[in-house]
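Colleague: My questions all concern the structure below.
The values are calculated or read from the model by the stated rules, or taken from the named source; none is laboratory data. No experiment lies behind these values; they were computed from the predicted model shown. Reconstructed Cβ throughout: ideal geometry from the backbone, glycine too, with neighbour counts over all protein chains shown.
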């Protein structure tokens with residue numbers, strides 16, 4: 001018998017405890033190598049090496065550049081310009097690209113294919129967003145109706161959320177959605193109905209086709225849709241150059 005903290009424990013159980021403690025310490029070391037912890041308490045991945053290890057374990061976690069896999073998609077990343085609510089560029093213009101995890105990217109391919117049969121297509125305002133940018137947004141707005149709380153991380157940070165609208169393929173123009181992107185008023189809410197019938201129909205069409213292929217809407221932003229987090233996707237703070245090199 002072996003005495004452990006004042007109690008008698010059979011030797012074989014003592015060995016099991018020793019092994020368990022070894023693996024617990026080893027897991028803590030691996031966790032520390034993979035993740036950085038923010039001042040808000042969120043664990044996130046900031047190194048290409050750690051990201052590669054996650055996609056090696058689960059290929060569905062790989063991020064894909066939508067421009068490379070969805071023919072005809074239009075990209076207008078607003079945070080790579082000053083056309084956004086902070087009035088300055090937060091993404092590098094020469095490297096920024098619309099990335100999503102594999103299941104969400106595949107679903108968006110189907111959305112684009114269906115809209116094309118109607119002479120319509122998608123324009124992307126934002127997709128993957130580095131965690132550090134979400135922190136900047138929160139420190140400016142601090143309103144969870146419109147920006148993600150960095151204590152939770154966002155769908156954008158996980159490569160699961162997309163901001164987008166519909167365009168007319170023959171003209172290249174956006175259909176009328178009643179407000180522009182990044183409108184922080186009730187008018188942008190899905191439940192707001194004091195709009196023209198054509199605007200309501202346009203919003204309805206976007207919502208229908210996105211939900212048909214698995215996306216869910218955000219009530220306060222007609223342009224924002226997210227893929228259900230069914231695989232424990234990690235929060236990422238990789239820059240766009242890192243993602244481009246990996247792809």
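Colleague: Please verify whether residue 60 is surrounded by fewer than 18 Cβ atoms within 10 Å (Cβ to Cβ), assigned by TED's automatic domain parsing to the domain that holds residue 174 and under 17 Å from the mean Cα position of the chain (by Cα), treating the condition exactly as stated.
Modeller: When the stated conditions are applied, residue 60 passes them.
Colleague: For residue 146, work out the one condition from (1) under 21 Å from residue 104 (Cβ atoms); (2) surrounded by 15 or more Cβ atoms within 10 Å (Cβ to Cβ); (3) in contact (Cβ under 8 Å) with a residue 24 or more places away in the chain it doesn't fulfil.
Modeller: Of everything listed in (1) under 21 Å from residue 104 (Cβ atoms); (2) surrounded by 15 or more Cβ atoms within 10 Å (Cβ to Cβ); (3) in contact (Cβ under 8 Å) with a residue 24 or more places away in the chain, residue 146 misses just condition (1).
Colleague: Let me ask something additional. Which fully enclosed helices (runs of 4 or more DSSP H) of region 35-116 have 1 or more residues being farther than 24 Å from residue 217 by Cα?
Modeller: Here the list reads 48-57, 66-69.
Colleague: For residues that are part of a strand (DSSP E or B) and in contact with a helix residue (DSSP H, G or I) (Cβ under 8 Å, 6 or more places away or on another chain), tally how many sit in region 121-144.
Modeller: 5
Colleague: Suppose the filter is closer than 28 Å to residue 36 by Cβ and either in contact (Cβ under 8 Å) with a residue 12 or more places away in the chain or under 23 Å from the mean Cα position of the chain (by Cα) (or both); does residue 207 pass it?
Modeller: No; evaluated as a whole, the condition is false for this residue.
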